[in-house]
Amino acid sequence: MGRVSTAAEIPGTPGGVVDLGHDVYQIDTLMAGYERITAGYLIRADRPCLVETGTAPSAPVIRDALAGLGVGPADLATVVVTHIHLDHAGGAGDIARMFPAAQVVVHERGARHLADPSRLMASARMVYGDELDRLFGTLAPTPAERITAVGQTAAIDLGGGRRLDSHHTPGHARHHVGLIDSVSGDLYVGDAAGVYIPDTGDLRPATPPPDFDLATALASLRTFAALRPTRLLFSHYGPAEAVPQTLDRAAEEIKVWVEETRRARGQGMDLDHAAAMVAERTRARYAVLRDGADPERAATYDRTNSAVANVAGITHWLNLQDLKKS
């Protein structure tokens, strides 16, 4: 697995700000109070750009971190979200209000949900129930005129000849994009390459319903490899430098979870039992979950990368494959 990039935490800045070099700063968004689970990134270019907002309650954390880096309300030019799931874009409306000069960039399939989050929030409430407010808060609307929708590819101007190139990379979500920095070579992978724990080098897939598709997810990883990035910057969580090995591991993990879910499904298990079986059969692959590991860290990891959600997404995809065959 990839080692953590050499970086230094910046004293006196809130939000666990880390200088990653090339004017790129990692910000711990402290989702639901958890440390080192979800990251946003500031590119302090001529036109400063924030990649990922985190959740709605994370917006003040982001604001204060940017202020500590010299980026005030009138300075932020662009906010880009890799996709509209609430741990990545839940703060988009609040950040748009706090930084009134910033344009919010999102894939065209997610744009309407940032402008009118009512359906997205209703769906999230059905999934998370009372936990929604604690984990994610409420996604506030972003004014439609402040939203820039991108398609298969797009270039986002960072000024001074620097840009972020956006590439549609579905498989985790239909509205997912990966973003590569023309100067640093950093590739912002969102959730398409899974959930990474730099402390242990663990990498577990993120395959929630309803959009997971095996072939599409693997194709997106090949798209990432073809871009030849210098580093992968995970929204969950942080940088990995061993790019080919990490992308290979991401593909392997997806395949393992699909096969284990297929096996559990073939035994007629309900979702909870299938998820428990898959989690147990894959546990040894992840140092953070092995016996003797920090139990609090393990519980947080499992809570924020749920085996139930992963198995539910794969099961949904398997059911669709059966319908296509019938």
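At a glance:
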{"item": "Count - residues of the stretch 155-193 that are of a type in the set (S, T, N, Q) and either part of a strand (DSSP E or B) or crowded, with 24+ Cβ neighbours inside 10 Å (or both)", "result": "2"}
{"item": "The one condition in (1) open to solvent by less than 60 Å² (accessible area, probe 1.4 Å); (2) touching a Pro at 6+ places or on another chain (Cβ under 9 Å) that Ser118 fails to fulfil", "result": "(1)"}
{"item": "Output for the stretch 194-203, where each listed residue is of a type in the set (Ser, Thr, Tyr) and assigned to a loop (DSSP other than H, G, I, E, B)", "result": "Thr200"}
{"item": "Candidate set from the stretch 194-217 (those that are out of contact with any helix residue (DSSP H, G or I) (no Cβ under 8 Å at 6 or more places or on another chain) and over 14 Å from Glu253 (Cα atoms)); member that is most open to solvent (accessible area, probe 1.4 Å)", "result": "Thr216"}
{"item": "Flag if Ala206 is more than 19 Å from Ala39 (Cα to Cα) and either part of a loop (DSSP other than H, G, I, E, B) or small (Gly, Ala, Ser) (or both)", "result": "no"}
{"item": "Subset of the stretch 299-313 [open to solvent by 40 Å² or more (accessible area, probe 1.4 Å) and of a type in the set (Phe, Trp, Tyr)]", "result": "none"}
{"item": "Condition check for Ser220: touching an Asp or Glu at 6+ places or on another chain (Cβ under 6 Å), within 25 Å of Glu52 (Cα to Cα) and surrounded by 15 or more Cβ atoms within 10 Å (Cβ to Cβ)", "result": "no"}
{"item": "Residue ID - farthest from His175 (Cα to Cα), chosen from residues in the stretch 124-139 that are among the small types (Gly, Ala, Ser) and either within 19 Å of the chain's Cα centre (by Cα) or crowded, with 16+ Cβ neighbours inside 10 Å (or both)", "result": "Gly137"}
{"item": "Which listed residue is in contact with a strand residue (DSSP E or B) (Cβ under 8 Å, 6 or more places away or on another chain), modelled with pLDDT of 95 or more and either open to solvent by 30 Å² or more (accessible area, probe 1.4 Å) or under 22 Å from His176 (Cβ atoms) (or both), from Val71, Val104, Val18", "result": "Val104"}
{"item": "The stretch 187-223: number of residues that are under 20 Å from Asn310 (Cβ atoms) and of a type in the set (Phe, Trp, Tyr)", "result": "2"}
{"item": "Enumeration of residues in the stretch 42-68 that are open to solvent by less than 10 Å² (accessible area, probe 1.4 Å) and not in a loop (DSSP other than H, G, I, E, B)", "result": "Leu42, Ile43, Cys49, Leu50, Val51, Ser58, Ala59, Ile62, Ala65, Leu66"}
{"item": "Test: residue in the stretch 278-298 that is surrounded by 14 or more Cβ atoms within 10 Å (Cβ to Cβ) and more than 23 Å from Tyr237 (Cβ to Cβ)", "result": "yes"}
{"item": "Residue among Thr142, Thr148 that alone is of a type outside the set (Gly, Ala, Ser), open to solvent by 10 Å² or more (accessible area, probe 1.4 Å), in contact (Cβ under 8 Å) with a residue 24 or more places away in the chain and in contact with a strand residue (DSSP E or B) (Cβ under 9 Å, 6 or more places away or on another chain)", "result": "Thr148"}
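The values are calculated or read from the model by the stated rules, or taken from the named source; none is laboratory data. Since the model is a prediction, treat every value here as computed from it, not as a measurement. Quick reminder, even Gly has a Cβ in these numbers, built from the backbone with ideal geometry, and neighbours come from all protein chains shown. To get the accessible areas, we keep the full protein, side chains included, count just its heavy atoms, and leave off ligands, DNA and RNA. Shrake-Rupley method; radii C 1.70, N 1.55, O 1.52, S 1.80 Å.
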